[in-house]
Amino acid sequence: MKHSLNREELIEQLKELAAQKLPTYLANHMGAMCYEPSMIDSFSTICQHCHRPLTYQAFHSDEEMFNSIIKEIKDLGYDASLEVICGSCALEAKEEAEFFDLPFTSEDDICEENAYHLFCFKAKSDKDYHQAITDMESLYDYQAVLAFLKGESYFEDSYDRYHSIMDEQDTIKRMTGIGIKENDSNEE
């Protein structure tokens with residue numbers, strides 16, 4: 001099993017991945033877009049911050065995948081957790097920019113009635129958690145993070161499409177706080 005890396009080692013890994021090219025057969029592979037419709041499940045939980053009752057809809061298989069990805073990240077030796085928070089707490093967190101790293105660009109992107117995921121990540125050399133808020137349908141972001149932490153140069157999404165880790169640098173930076181400056185060897 002691969003051991004967890006500290007922040008500096010993760011930055012070096014990202015640089016090595018940046019130098020790799022996605023094999024042509026993967027870059028040109030597009031999965032089938034046909035699928036069998038399935039019912040969306042309704043989940044009830046509470047906001048992990050204000051304890052307000054929440055109900056949200058998601059595919060049961062996606063919820064299992066989120067939990068599986070977090071478990072794999074932990075199995076790699078990183079400290080990670082995934083919580084469900086309400087839109088009100090997400091709006092409050094947006095005002096405290098140093099506490100959360102939000103992918104959102106405007107107030108309209110966060111709805112008080114919706115539920116969001118709060119992803120907390122810490123490499124073994126970090127003292128504090130890096131936190132990011134994502135919507136409930138952002139499985140793709142977590143797949144990119146897991147592939148990066150495993151040192152893989154690409155990952156396959158749920159539509160059988162392959163994605164280069166280097167195309168996901170913004171996602172990895174937003175989700176983990178780890179990134180490299182373009183044409184520079186220093187961390188952002």
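The values are calculated or read from the model by the stated rules, or taken from the named source; none is laboratory data. What you are looking at is a predicted structure, and each value in this text was computed from that prediction instead of being measured. No Cβ is skipped: glycine too gets one built from the backbone with ideal geometry, and neighbour counts run over all protein chains shown. What goes into the accessible areas is simple: the full protein's heavy atoms, side chains included, and nothing from ligands, DNA or RNA. Shrake-Rupley method; radii C 1.70, N 1.55, O 1.52, S 1.80 Å.
Key figures
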item: Filter pass, T55 being of a type in the set (V, I, T), loosely packed, with under 12 Cβ neighbours inside 10 Å and modelled with pLDDT of 80 or more; result: yes
item: Whichever residue in region 105-142 is part of a helix (DSSP H, G or I) and open to solvent by 30 Å² or more (accessible area, probe 1.4 Å) and, among such residues, is modelled with the lowest pLDDT; result: E107
item: Residues of region 144-182 that turn out to be closer than 21 Å to F119 by Cα, surrounded by fewer than 21 Cβ atoms within 10 Å (Cβ to Cβ) and hydroxyl-bearing (S, T, Y), as a count; result: 1
item: Hits in region 53-80 - residues which are touching a helix residue (DSSP H, G or I) at 6+ places or on another chain (Cβ under 7 Å) and outside any helix (DSSP H, G or I); result: L76, Y78, A80
item: Matching residues in region 172-188 - criterion: being hydroxyl-bearing (S, T, Y) and at pLDDT below 90; result: S185
item: Top-ranked residue of region 72-104 - restricted to ones that are open to solvent by 40 Å² or more (accessible area, probe 1.4 Å) and farther than 30 Å from G151 by Cα, ranked as modelled with the lowest pLDDT; result: E96
